[in-house]
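Structure record follows, encoded as structure tokens.
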Amino acid sequence: MPDPQAPSGSIRLGRVAGVPVYLDRTWLILGAFIAWTGWQAGRDLGTTTGIAYAGWLVLGILTAVLGHEIAHAVAGRMLGFRVHRIVATLWGGHTSYDGTGSTPGRAAAIAVSGPLANLGLAGIGWIGLQALTGPVAQFVLWWFVAINLLLAAFNLLPGLPLDGGQVVHSLVWKVSGRRDTALLVAGWLGRLLTVAVVVFFAVLPVVQGVVDPFRLLLVAVMAWVLWSGATAALRRAPFERLLDRLDAEEVIEPVGIVRADTPVGHLIGADRRLLAIDDRGVPILLVPTASADVPDLTTLDPATPVSSLLVRLPDTSLIELAPGASVEPLLRAMALSGNGVVVVVSNGAVRGLVTADRLNAVAERHLRRN
């Protein structure tokens, strides 16, 4: 059975702290280039040495990239977030996690964990340099130290999508209290950083008469990654502003309440979602209806009790919400449960349902108005 979390064309390497780790097929391109670089450096010392240079250099750089991303994943898990996967790609790597319910401090902690891990790996490599004297070990460890220091320094630059940009985002968010403003500031800094990279590493060398096709290609790829990430942040700002202003009452749908032992035949023709409750009045499951893109109730035995329709809701899908609250608690509940349905209760009584589809529809309607 295929892994539903696996990116298309990726290779699963294993799990770290319960998080699946993948190697994207595009990384094979980067790996081939790294191997060629190692082979070129070591072939004069013999074929075996050249192969050793190539293999250990690939392993060292992959360790640096994955070490950075694993640090993000572990920090996210420690802070209570759902971390979906770690992927090493041609552009480096990324860690996918659900940041619903985040705070400026938590976001900053996750951001700096990656560069700190690279500094730690550089320190380990430096110790190895002092202890080992063989040519292969010296070559690989020197590159290991250098690439980890470069990864740490580059990722701390102040602009999204880099970790330094996330730190800027967190600081602006903390000071202003607004995530949309933070995204705009960090996103524009990311675009300015992209321009600076192009100017210093491509335009100025060409003006000075240094035309290196490989460098120009590398700068173009780097600029594309940075610009795309910064632009994505700028496009997300209106949604963050909307979430801060959206009233939860707009997304709560009415729901019918039935006992868990109610026969299915009594529910045929229901024109809205139904919620079954147990003997204590606690919601236990969402009853499928013909309008919910599930099997039609008319196909079942009319005497079948509702409790047999096991669309059971996890406890985290029940949330106490006061009137006039924002949608943030609803998003957090969906993230924690991994379920796109939340039951809203107030003083023990069910007020209604919130679904991911309903929330998205209301959000899109607000955006069109603005």
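Per-structure values
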{"read-out": "Test result for L121, open to solvent by 30 Å² or more (accessible area, probe 1.4 Å), of a type outside the set (G, A, S) and closer than 27 Å to V195 by Cα", "value": "no"}
{"read-out": "Output for region 339-367, where each listed residue is farther than 26 Å from R235 by Cβ and at pLDDT below 75", "value": "N339, G348"}
{"read-out": "Test: residue in region 150-162 that is part of a helix (DSSP H, G or I), modelled with pLDDT under 95 and over 20 Å from A71 (Cα atoms)", "value": "no"}
{"read-out": "Only one of W188, W143, W173 that is touching a residue at least 40 places away in the same chain (Cβ under 8 Å), outside any loop (DSSP other than H, G, I, E, B), open to solvent by 60 Å² or more (accessible area, probe 1.4 Å) and farther than 27 Å from A64 by Cβ", "value": "W188"}
{"read-out": "Single match in G128, G114 (criterion: in contact with a His (Cβ under 7 Å, 6 or more places away or on another chain) and either closer than 14 Å to A64 by Cβ or aromatic (F, W, Y) (or both))", "value": "G114"}
{"read-out": "Pairs, first touching a residue at least 40 places away in the same chain (Cβ under 8 Å) and more than 19 Å from M334 (Cβ to Cβ) in region 98-113, second buried (at least 21 other Cβ atoms within 10 Å of the Cβ) and of a type in the set (D, E, K, R), C-beta under 6 Å, six or more apart", "value": "A111/D163"}
{"read-out": "G269 modelled with pLDDT under 70, closer than 22 Å to S102 by Cα and not hydrophobic (A, V, I, L, M, F, W, C)", "value": "no"}
{"read-out": "Qualifying positions in region 146-170 - open to solvent by 30 Å² or more (accessible area, probe 1.4 Å) and more than 19 Å from the chain's Cα centre (by Cα)", "value": "I147, L149, L150, L151, A153, F154, L157, P158"}
{"read-out": "Test for T133: is it surrounded by 17 or more Cβ atoms within 10 Å (Cβ to Cβ) and either modelled with pLDDT under 95 or small (G, A, S) (or both)", "value": "no"}
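The values are calculated or read from the model by the stated rules, or taken from the named source; none is laboratory data. It should be emphasised that the depicted structure is a prediction, and the values quoted were computed from it without experimental measurement. FYI the Cβ positions are ideal-geometry reconstructions off the backbone, even for glycines, and counts take in every protein chain you see. The area values use the complete protein model at the heavy-atom level, side chains included, leaving out ligands, DNA and RNA. Shrake-Rupley method; radii C 1.70, N 1.55, O 1.52, S 1.80 Å.
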